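Read-outs: derived from the displayed coordinates by stated rules, not from any lab. Please read these numbers as outputs of a predicted model, since none were measured by experiment. All Cβ positions, even for glycine, are placed from backbone atoms using ideal geometry, and neighbour counts span all protein chains on display.
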Amino acid sequence: MFTYSELQAQDPDVYKTLIGEMQREQNGIELIASENYVSAPVLEALGSAFTNKYSEGYPGRRYYGGQEFTDQVENLAIDRAKKIFRCDHANVQPSSGAAANVAAYFAWMEPGDAILGMDLTHGGHLTHGAPVSHMSKLFRFVRYKMKDIETGEIDYDQMREVAKAEKPKIILAGFSAYPRELDYAKFKSIADDVGAIAMADMAHIAGLIAAGVLKNPFDFGFHMMTTTTHKTLRGPRGAMIMTKGTVGNPLKAPEKTIDNLPTLVDRSVFPGLQGGPHMHQTAAIAVALGEAIKPEFKEYAKQVLLNAKRMAETLMKAGVKLVTNGTDNHLMVIDCVKSWDLPGKDVEQLLDRVGITASKSTVPDDSRPPYSPSGLRIGSPAMTTRGMKEADTELLVGFMLKALEKRADDSALKSLHDEVIAFCRRFPVPGIAAETQK
């Protein structure tokens, strides 16, 4: 375990905040569907000497000298990503998932071109065309939705009609708060019909795809996939863009053809979007991908799904309304207005008081504003990393329901928080300082 003794001696103020965060993580339950805990080896790579090195460019064609080991570690990350996701090329340099999506859009489209993506209130992400994003000012985003919010079925007929009318350059399969699995074959069929490329944003479920417990869009002929490297993949906060095709001459602007996608993506990331990659982040991605290849990771991913399903079943048995009435992946969205006549923001803040961290979320066609929506999104990846199983999810749901029941009783909430802390102490968080686990 890390001790951070040198940080403590040199900068006690920063040390205090770091220990406070580690204690918060150890003493609470992380149910935010997009968060997870990394292993000690991933943390070691993040804090390594690779943070000292500028490495603009790509392995074998950098702009600075001294790249022997940066090339090696980036190639390790690339090769592991290609093996895990069964793709032809991987760019592991994007600094975040949002940056990866921006680079992917610019690799294939021109300003004014259209993208067909999931409606944000039905589960889409900000980078899928939120009006507040810069991308919405450059590209024209059009939407598809669920046909039946009770089951989560996407309206693929409507998607096809919109695609024929709007002629998007990209048809985007992906989500931030959608609890079901997408029909990738239908996405690909619609993309083929209108001459678009099929792109998947698998940020949330990349780890579940890597483990083979959810379907891989590349197996259905998708052309491009973006993902973050944290969330279910349990790596550092970074991102990747993976494609089919072959890398051409990086110094020559390629034509926009499917075969040239790898080169188009590489040029879009650098020099198009960002400069020197964060090599400590790249090294940590390589470590996380190495972990994802191991049999233990597959068992983890299976348990993520088991825990999510049990949590959803337990909530629904208690009368809680879930969007799509369940889940096929790692997350679920509670309709807090229908369940407790409270906005999701209020429920999020209430659960924070007892050491349970969740995130507010819109529900389909939400009438409430985005900063105070009707829903609450929760997920099972982080709790599963700590070793929790199905029976533990039932206890977690019990804590949540008790907090809602006793929300006007400060004394009861304090007592409940103590119960949550005692429960959490049974499940150490990987990689954090030993003094926070005493």
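The table for this structure:
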| item | result |
| --- | --- |
| Neighbour cut-off at most 11 other Cβ (10 Å), DSSP loop, GluC sites (Glu not before Pro), the stretch 240-309 | Glu255 |
| Amide hydrogen neighbours beyond the local backbone of Lys360, cut-off 5 Å, H modeled | Arg377 |
| Ascending count of other beta-carbon atoms within 10 Å, so fewest first, for Arg61, Arg407 | Arg61, Arg407 |
| At R0 = 56 Å, FRET efficiency that the Cβ-Cβ distance of Lys406 and Asp148 yields, to 0.05 | 0.95 |
| Cα-centre dipole for the chain with unit charges at Cβ (Lys and Arg positive, Asp and Glu negative), debye to 20 | 300 |
| Estimated FRET transfer efficiency (Asp79, Asp113; beta-carbon r; R0 25 Å; 0.05) | 0.15 |
| The stretch 1-160 shape via C-alpha gyration tensor axes, a/c threshold 1.5 | oblate |
| For the chain, with +1 on Lys and Arg beta carbons and -1 on Asp and Glu, the positive-most of Gln23, Ser39, Met242 along the dipole | Met242 |
| Inter-label distance for Asn52 and Glu419, nm, one decimal - labels placed 7 Å from Cα along Cα-to-Cβ | 5.2 |
| Least to most buried among Glu21, Glu6 (fewest other Cβ within 10 Å first) | Glu6, Glu21 |
| Sequence of His134, His330, His122, His417 once ranked by neighbouring C-beta atoms within 10 Å, starting from the fewest | His134, His417, His122, His330 |
| Whole-number Å³ per residue for the convex hull built on Cα positions in the stretch 298-437 | 118 |
| Difference of contour (0.36 nm per residue) and Cα-Cα distance, Lys164 to Gln349 | 62.2 nm |
| Two-site label geometry, Ala9 and Lys294: point separation in nm, points 7 Å out along Cα→Cβ | 3.2 |
| Global form of the stretch 130-187, assessed from the alpha-carbon gyration tensor, a/c cut-off 1.5 | oblate |
| Assigned charges on the beta-carbon of Lys, Arg, Asp, Glu; the stretch 298-437 dipole about Cα centre (debye) | 240 |
| Answer label for semi-axes √(5λ) of the Cα gyration tensor in Å (calculated), chosen among (i) 61, 22, 19; (ii) 46, 37, 17; (iii) 35, 30, 18 | (iii) |
| Rounded, prolate or oblate (a/c below 1.5 giving rounded, otherwise prolate when a/b exceeds b/c) for the stretch 373-415 by Cα gyration tensor | oblate |
| Debye, to nearest 20: dipole size of the stretch 1-106, +1 on Lys, Arg Cβ, -1 on Asp, Glu Cβ | 420 |
| Sites Gln72 and Lys338 - FRET efficiency at Förster radius 60 Å, r taken between beta-carbons, to 0.05 | 0.65 |
| Karplus-derived 3J(HN,Hα), 6.51/-1.76/1.60, for each residue of the stretch 74-81, Hz, glycine and proline x | 5, 5, 4, 4, 4, 5, 5, 4 |
| Kirkwood Rh (inverse of mean 1/r, distinct Cα pairs), the stretch 45-292, angstrom | 18.1 |
| Between the stretch 247-306 and the stretch 39-73, the alpha-carbon center distance in angstrom | 15 |
| Farthest toward positive dipole pole in the chain [+1 Lys/Arg, -1 Asp/Glu at C-beta], among Gln281, Thr227, Ala165 | Ala165 |
| Loop-located trypsin sites (Lys or Arg not before Pro) in the stretch 197-271 whose Cβ has at most 10 other Cβ within 10 Å (DSSP) | Lys252 |
| Positive dipole terminus of the stretch 45-292, leading residue within Asn91, Thr151, Met109 (C-beta point charges) | Asn91 |
| Spin-label zone in the stretch 300-331 - amide nitrogen under 20 Å from a point set 7 Å from the Cα of Asp365 along the C-beta vector | 321-326 |
| When each of Lys309/Lys389; Lys53/Lys294; Lys338/Lys406; Lys231/Lys406; Lys298/Lys389 is checked by Cα-Cα distance, pairs over 21 Å | Lys53/Lys294; Lys231/Lys406 |
